[in-house]
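Step one of this worksheet: look at the structure below.
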């Protein structure tokens, strides 16, 4: 509604001279009018979500950043030394320790969990793409009636509890679980395989939980493709595989990027899935962070892990936002 | 100039307040400039519009015509300059307090309200109107636009023409001092468009509202407008009645933009009060006009000749020295009412000629492809523009 | 052409099997008598005994009630804030700090939950200290802190939904309302809100589900005694399967499936009616 422009600008205040004449002629400025004029509806409307996000989203990060540089004091309440401190002479003392960060990159337990997290996220994203792309493609190509049913079937699990869906895999994967029982009954295997509490189980869990996030952006991209492009390609002599590689795949690139990032980013920081299905001898960073915080009460180290994780994810997040904005603008046109 | 003399003649019979130097303008744009960042959308436009006019702003996309309209409605604030309506400065008045209503290009009908509710919406915002008054006014306006039996429908249950009339009714029911119409017929098909044009004029005349119409369609502007303001790159390049704009364009741009035209570049070799001659290399001859140009001697000028003002002859006319050129017919397009001939003249330039198909001719009577012809026109036909 | 069609179609079939077998097996074994869950006790099954057990389980029931309260408050708060943010971003034109606001609203979408949880908790701890030092106020972490944290990360979803809905219809409707004399606030309530109502509703449901479902952030910001349903479930299933959880899952899946299918049918009906009416309008 272009409120920003609908409200007409008033004459800009002049220099001091007119201010004085104004003061003497009309008495003191009516501040209520000023407030009403400058805090008109639209500024208020902008301010509410803005302030909320600043206070509850941005400020917390600054606090995490601050604490990540603090010194751990196991017996303190809270368990860290203050970073900023007013000394008696009125000087401000700032103590920044990078100890937590140094530890992060030297301690083998930490280093291996970083590598493991990224590895798990990468492999799961790739698996998700391999399964999600053909699914999205088939849905986009289905007749409109089927298309809606398929989409509903993809989205439906998303509305049911994430935790319970991960839990369902325990029953399937455990040693006396459904899959082992089924395979034993078929006679394919002689003794049960151990699948639960392995990396494999984590891949399955991530692919399972995040598949809709891969399919939906891919679908909304593939659905927009003009079928005449493929007809033109086949008219020009390209076979089905070639026209897929040369036309459909490059055109769906934004969808691939969006879908992959939507899986990769949360997968790196996944907590529930590895806790329920994953290896007990190899931690992922999220678990590391929560253990550091809840078990060791080492707030500075937990904060440092959070900051480092953020640094790792900042590039993918920025790429994602870039594509997200482009998508929104494309919808607008 | 001769054009000015003709204008005086016409003003005796018609309502043409712009001829009267003492007439009070109803809408005044004074030195309006609008910038969006570095882009100047409207550049120093001054404009006077009189009561009960239908004023058309005509121009291509991005010429600033819609921005001008949106500033009048109050959706954009001018970067500098002032807008007056009925003597009142509009600068500090937000859109919802302006006595101005707009008919949107997309019609902008509220999809969640019935036709009746859509029309009543504007009245409900006014203070001191009783329910029964609102109901009466809605019924009245529905009768005017002949939509009485569609009152309970939703916009998506209407055809394009009906939606257009709802949009018109919704804006008119507020009895605005000024109605702004953004491409009012743009979304209608050709047949419907013609019928609606005349309907629109009738409604305007019976209600006496002043209209400002924005359009890119010159035909629409020609039929609707009392005056047209042609815009290009944020500036108004010419204001005049449809006839003036068509017959006496003041610049190359206007001549070219309105209708089609053959343009010959040349040098002024004679310039007297009652006649002028132009030597044109593009034509390969001399153009003679029966009025003066009053331009600098030997200045570069352009002679614009409309295709329908050119005659095609199969044998050379008596005087081949001036306003005449020989050529070969390269293309013929039969359009039904007229035929278009593209004739390549000796200098290599292609000239466009239209002839009405008055009689049914047999094949050998018609001018044929690759036939050598002579083109000529009357000394009053060319319009000489200097820029 | 056909061979690729076949491949993608069979992948679609496989994908759906992959998506639904775990859920269906969970439902199936909820009727199993055996405590071992996946070992079918054919003698005494099917049975509803775990459902009876579930409705006697006061811990689960009170956690569920708490979760419903938190989720409803979260959804309402997130819808209000998210709608405002969506409106600001898509309708207020360029203003100072717009890009920053856009970043702030989309960042929570992709932020790992542990980070959100940790940072929210540290904020609450800091606030506790500050308020205590300044005014001597005390507050306990619990329903309020959980709700605030949930609103913060769910409002981003509402914003995205509302923003894309607003982008899909052009702002001339709102301009028309302004032009007809409605003040901005009235334009918002009479024109904008009715038009984006579907988005607001689905945003509310989305926020409700996300809040109802959240474990990680809740674990960080909840206080002693405020256990939400996911926390209870998590503590039960950490050490393996539990038949009561299967029963609970079955009920939840059924509710969701019913809701989704019903709404899909309703939407389809509406769509068909609309199409019919449009055709009628075009033909006469």
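Here the range A:173-197 and the range B:31-91 have alpha carbon centers that stand 77 Å from each other. A Förster distance of 45 Å, applied to the separation of the beta-carbon atoms of residue A:155 and residue B:190, puts the FRET efficiency at 0.50. Specify the angular offset, from 0 to 90 degrees and rounded to the nearest 10, of the alpha carbon long axis of helix B:115-124 from the longest principal axis of the alpha carbons in chain B. Approximately 70 degrees, to the nearest ten. The calculated pair-distance distribution of the protein assembly as shown uses every alpha carbon pair, bins of 10 angstrom beginning at 0, and gives 2, 9, 14, 16, 16, 14, 12, 8, 5, 3, 1, 0 percent.
GNM on chain C, alpha-carbon springs under 10 angstrom: the most fluctuating residue among C:19, C:254, C:206 is C:19.
Specify, per residue and in Å³, the volume enclosed by the convex hull of the alpha carbon atoms belonging to the range B:166-291.
On the way: hull volume 19.6 nm³, N = 126.
Considering the Cα atoms of the range B:166-291, their hull volume per residue is 156 Å³.
Sorting B:47, B:147, C:201 by the number of Cβ atoms found within 10 Å of their own Cβ, with the fewest placed first, yields C:201, B:47, B:147. Taking every DSSP beta bridge that has both ends in the range B:260-385, the antiparallel portion is near 100%. Using C-alpha pairs below 8 Å separated by at least 6 residues, the relative contact order for chain A is 23 percent. Distance between the C-alpha centres of the range A:65-91 and the range B:229-259: 75 Å, rounded to the whole angstrom.
The order of the peptides B:221-229, B:112-120 by mean Cβ neighbours within 10 Å, most packed first, is B:221-229, B:112-120.
Spin-label model, residue B:43/residue B:243: points 7 Å from Cα along the beta carbon direction are separated by 3.3 nm.
Just to be sure I understand the model, the point goes 7 Å from the Cα along the line to the Cβ. What's the resulting residue C:235 to residue B:219 distance in nm? Label at residue C:235, label at residue B:219, 7.8 nm between them.
When a/c reaches 1.5 or more, the comparison of a/b and b/c decides; with that in mind, is the range C:64-239 rounded, prolate or oblate per its Cα gyration tensor? In terms of gyration-tensor shape, prolate.
Among A:119, A:174, A:224, the residue with the largest mean-square fluctuation in a Gaussian network model of chain A, with springs joining Cα atoms closer than 10 Å, is A:224.
For the range B:241-332, the spread of Cα coordinates along the three principal axes comes to 36, 30, 20 Å, biggest extent given first. Pull out a ≥ b ≥ c, the square roots of the eigenvalues of the alpha-carbon gyration tensor of chain A, then state rounded if a/c is under 1.5, prolate if not and a/b is larger than b/c, and oblate in the remaining case. Oblate is the answer for chain A, as a/c is 1.5 or above yet b/c matches or exceeds a/b.
Between residue C:127 and residue C:251, the FRET efficiency estimated from the beta carbon spacing at R0 = 51 angstrom works out to 0.85. The relative contact order of the range A:158-278, computed from alpha carbon pairs under 8 Å that lie at least 6 residues apart in sequence, is 34 percent.
With the convex hull drawn over the C-alpha atoms of the range B:54-111, the volume per residue is 120 Å³. Taking 0.36 nm per residue of separation and subtracting the Cα-Cα distance, full extension of the segment from residue C:95 to residue C:168 would add 24.1 nm. Per-residue mean of foreign Cβ neighbours for B:159-171 is 1 (Cβ atoms of other chains, 10 Å radius). Scoring B:94-103, A:264-273 by mean Cβ neighbours within 10 Å over their residues and listing the highest first yields A:264-273, B:94-103. The mean number of Cβ atoms from other chains found within 10 Å of a Cβ in peptide A:152-158 is 6, as a whole number. Given springs between every Cα pair under 10 Å in a Gaussian network model of chain B, which of B:38, B:346, B:89 has the largest fluctuation? Among B:38, B:346, B:89, the largest GNM mean-square fluctuation belongs to B:38. Which percentage, to the nearest 5, of the DSSP beta bridges contained in the protein assembly as shown is antiparallel? Close to 75 percent. Counting Cβ atoms of other protein chains within 10 Å of each residue's Cβ and taking the mean over peptide C:93-103 gives 4.
Step by step: find N for the range A:156-243, compute 2.2 N^0.38 Å, then divide the Cα radius of gyration by it. What's the final number?
Working: Rg = 20.4 Å, N = 88, 2.2 N^0.38 = 12.1 Å.
Against the empirical 2.2 N^0.38 Å value, I get 1.69 for the range A:156-243.
For residue C:205 and residue B:31, a Förster radius of 51 Å and the Cβ-Cβ distance give a FRET efficiency of 0.40, rounded to the nearest 0.05. The range B:157-197 and the range C:1-66 have Cα centres lying 59 Å from one another. Taking a ≥ b ≥ c as the square roots of the eigenvalues of the Cα gyration tensor, chain B is prolate, since a/c reaches 1.5 or more and a/b is larger than b/c. Take every pair of alpha-carbon atoms less than 8 Å apart whose residues are at least six positions apart; their mean separation over the length of chain B yields a relative contact order of 15 percent. Each of B:302, A:114, A:185 has some number of other Cβ atoms within 10 Å of its Cβ, and from fewest to most they run A:185, A:114, B:302.
Taken along the Cα-to-beta-carbon direction at a fixed 7 Å, the label points for residue B:139 and residue C:264 span 4.9 nm.
Bear in mind these aren't lab numbers, they're just calculated from the coordinates by the rules spelled out. Source: prediction; values computed, not measured. Cβ: placed from backbone, ideal geometry, glycine included. Neighbour counts: every protein chain shown.
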